[in-house]
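Have a look at the structure below before the remarks.
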Amino acid sequence: MIAEVIIDRTAKKLNRTFDYNIPEDLSDLVIIGSKVLVPFGKTKIEEAYVIGIKEKSDFEVKDIAKVEHNLSNKQIRLAKWMSKKYFCNVSECIKLMSAPGSKQKKEVKDKKISIIYLKKDIEEIEFEIQTGKIKSEKQKRALEFLKVNEGATSAEVEMFTDCSKAILKTLEKNGYIEFVEKKIERNPLENKQIERTNKLELTEEQETAFSKINSAIQEDRYEEFLLYGVTGSGKTEVYMQLIEKVLEKGKTAIMLVPEISLTPQTINRFISRFGKEKIAVLHSKLSMGERYDEWNKIKEGKANIIIGARSAIFAPTENIGIIIIDEEHDSSYKSESSPRYNAKEIASILGKYGNFPVLLGSATPDITTYYKAQKNQITKLTLTKRANNSRLPEVQIIDLKQELAQGNRSVLSKALYEEIEKNLKNKKQTILFLNRRGFSTFIMCRECGYTVQCKNCNISMTYHRFENKLKCHYCGYEEKVVTTCPKCKSSKIRYFGTGTQKIEEEVHKIFPSATTIRMDVDTVTKKNSHEDILEKFRDENIDILIGTQMIVKGHHFPNVTLVGVIAADTSLNIDDYRANERTFQILTQVAGRAGREKLPGKVIIQTYNPNNFSIDLAQKQDYDKFYNIEIALRKQLKYPPFCDIIVISFTGTNQKELISTSSYVYEFLKNKMDKQKFSIFKPVPSPIDKIQNKIRWRMILKGKMTRQVYEDINDCLANVYSKNIRNTKIWADINPNNMI
């Protein structure tokens, strides 16, 4: 018998099947879905996946060397669908469904083991790899592996990268990694001791929603639901009672949350209801060993509630009874690296395959989701009241132009200052939100207008006060702070813009006795740091939490009565058709953190655009009115959901090759696609036209995706890679989060 295999490589030329003979001694082990080792080329042994079996081949074939493990037919079917849908290799999709990490011996409890963490920022490491500062191939392999598997053991890194302990010690000596001695705790829930709770009595609105979704569960019927409920309306209680019904049927539930920072809080609530034995957790901050064990716990049927971020949608369970996607509007459900999948689309496909309901929940649904609900393509269920009868917070908008006119140049308006002062006296907690990390967003010479830009990317450097350095948030490059203008030699260098570091410093100056804690990308680099910060804020009753968007979603802090939005305009000033939607969502979500128990809440939104409709309607918490205005604009301008936007990106070091490649793609698609149904725009430099010393171009297509359009784009990509391009990478993305 002959196996048709896909080689586990990302090269587009290898996105096809190769024939291999199945030796007699492996004939019972090799099935569709098997992961195998095969001889490839003259000397290499490569990992591959069996996606078909036939009786004979037209070619002279080699034998399969070894069988590793098996995937199901359903997983192979999904991988093939994803490959066409997201313009990527089948092997890349299969990898998402394969067991992470490795099986290790069950070590003696309380034994300590060396865990490896990165010491430098990922962006900085990537930059040093690309610029040749790190020359050793084995060092590169180890760092590339640790970028996605931070928290691996020395043995795991050595095994997966074929490097020695000496290589790792060199990386440690050069400041790239650090070894941390830790007790072996392969179960991430092992030390959680949480008091058990009973289910709550549902309100009338909750009961209506619960009954409709439960009918689909009991009937083993696929149906997609949108649970649209105001912040604090008790969506999580509905989720838990539905999961209870799924467990009664002997089935499994998958619960997705958008942020790793939300995972601990969700896990704690679920453990208190169901106990930790039934729960498995999957997200990127687990060590490789923990991920492997959680994966196998699911595969062996020992866990029937799976909680995690986006990738948990691929958990190896066959008997799903419901998939729940909380905060479904969140952009993190869409992958920004290959495969560029959308977890909501994967959930829908799995629901259709397995005949079970998919539930999307949000207080501020994605515009496209809500449009489908209005068109009855999704069943809409509404919760209009907070579950504990607490009132929605009072929201006040402050015009920063007037503050400046009155001589207030502080980051805090007079009203926000007075409310923080009142909260401190009353021993209540405050959250301050600014979606920008660092201290100052850019440095400029007031004499000639020169701004300090990254030498590898066409983007301004950000000033980080605590390290006293300028950093690029795109490639990780950093340099010392300039005190004299490199262009005109003037000393009139000024810092503009505000980041979370600056807010923290200003708050310390204004309220020296207040305790603060900051949560942004710079403070959550280590494992469990999200959980540690949030627990510290709650348990130690810290006065003020300052952070970026990771603090605004889904958190429940009973003692938080004040939320301050430092600059509501940050998300308005992005070059994206979703700017109004994102502004409304983030302001409504952050406002929902205040006054969630019996204490009244207050929200103060500072802005230079108080009359913008997204800010005005966020103040009123009026999603329906916002939706009606936004959908009318989208229809007029032909933006999603009235069309799809496909961005084809080109990046490389050879500008001549990049331009000729993009021109070829443009001409190919222009001749293939229906010009009446699709607008195809010529390739142009991207808004940020250089990142990490690589030139960036893009072309945009607008129209409704059909099976034929998918085939045309896949054919185009296959053709262009057959042209033997060497220095240009190409990828296509449908309705990407980032248009830059």
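Each residue, LYS425 and ALA65, gets one label point 7 Å from its Cα in the Cβ direction; the gap between the two is 7.5 nm.
Multiplying the residue separation of ASN408 and ALA514 by 0.36 nm and subtracting their alpha-carbon distance yields 36.0 nm. Toward the positive end of the charge dipole of the chain, with +1 on the Cβ of Lys and Arg and -1 on the Cβ of Asp and Glu, the farthest Cα among VAL684, ALA732, GLY151 is that of VAL684.
Could you size up the charge dipole of the chain around its Cα centre, putting +1 on the beta carbon of Lys and Arg and -1 on that of Asp and Glu, and report it in debye to the nearest 20?
Numbers: 120 positive and 97 negative charges, 285 e Å.
Roughly 1380 debye, rounded to the nearest 20.
Model label points for VAL180 and LYS380, set 7 angstrom from Cα along the Cα-to-Cβ axis, are 4.6 nm apart.
Using C-alpha pairs below 8 Å separated by at least 6 residues, the relative contact order for the chain is 11 percent.
GluC sites (Glu not before Pro) within segment 253-311: which are DSSP loop residues with at most 16 other Cβ atoms inside 10 Å? Numbers along the way, then the final one.
On the way: sites: GLU259, GLU277, GLU290, GLU294, GLU300; in loops: GLU259, GLU300.
Here the GluC sites (Glu not before Pro) that fit, given the DSSP loop and packing criteria, are GLU300.
In this structure the amide hydrogen of LEU383, modeled in the peptide plane, comes within under 5 Å of the amide hydrogens of TYR228, GLY229, VAL230, none closer than 5 places in sequence on its chain.
On full extension of the chain, what length is gained from ASN559 through ARG391, given 0.36 nm per residue of separation minus the C-alpha to C-alpha distance?
Working: separation 168, 0.36 × 168 = 60.48 nm, distance 1.47 nm.
59.0 nm is the gain from fully extending ASN559 to ARG391.
Sequence-ordered 3J(HN,Hα) estimates for segment 721-736 from the Karplus curve with 6.51, -1.76 and 1.60 and θ = phi - 60° stand at 6, 7, 7, 6, 6, 10, 10, 10, 9, 10, 8, 10, 9, 9, 6, x Hz, glycine and proline given as x. Residue order for PHE59, PHE584, PHE613, fewest other beta carbons within 10 angstrom first, comes to PHE59, PHE613, PHE584.
Computed over segment 112-183, relative contact order equals 53 percent, with contacts defined as Cα pairs under 8 Å that lie 6+ residues apart.
For the residues GLU327, GLU144, GLU403, what sequence is obtained by ranking on other C-beta atoms within 10 Å, fewest first?
Values: GLU327 24, GLU144 14, GLU403 19.
If I rank by nearby Cβ atoms, fewest first, I get GLU144, GLU403, GLU327.
In debye, nearest 20, what is the charge dipole magnitude of segment 112-183 about its Cα centre with +1 on Lys and Arg Cβ and -1 on Asp and Glu Cβ, if you could check? Don't skip to the answer; put the middle values down first.
Working: 14 positive and 14 negative charges, 63 e Å.
Magnitude of the dipole: close to 300 debye.
When LYS212, LYS704 are sorted by how many other C-beta atoms sit within 10 angstrom of their C-beta, beginning with the fewest, the order is LYS704, LYS212.
Rounded, prolate or oblate: which fits segment 112-183, taking a ≥ b ≥ c as square roots of the Cα gyration tensor eigenvalues, rounded meaning a/c under 1.5, else prolate when a/b beats b/c? Prolate. With bins 5 Å wide beginning at 0, the percent of Cα pairs of segment 286-331 falling in each bin runs 5, 18, 31, 24, 13, 9, 1.
According to the square roots a ≥ b ≥ c of the eigenvalues of the Cα gyration tensor, what is the shape class of segment 638-740, taking rounded for a/c under 1.5, prolate for a/b larger than b/c otherwise, and oblate for the remainder?
Values: a/c = 2.13, a/b = 1.36, b/c = 1.57.
Verdict is oblate for segment 638-740.
Take every Cα pair under 8 Å whose residues are at least 6 apart in sequence, average their separation, divide by the length of segment 2-96, and the relative contact order is 34 percent.
The numbers here are math on the coordinates, done by the rules we state, and not lab data. No experiment lies behind these values; they were computed from the predicted model shown. Positions of Cβ are generated from backbone atoms using ideal geometry, with glycine treated the same way; all protein chains shown enter the neighbour counts.
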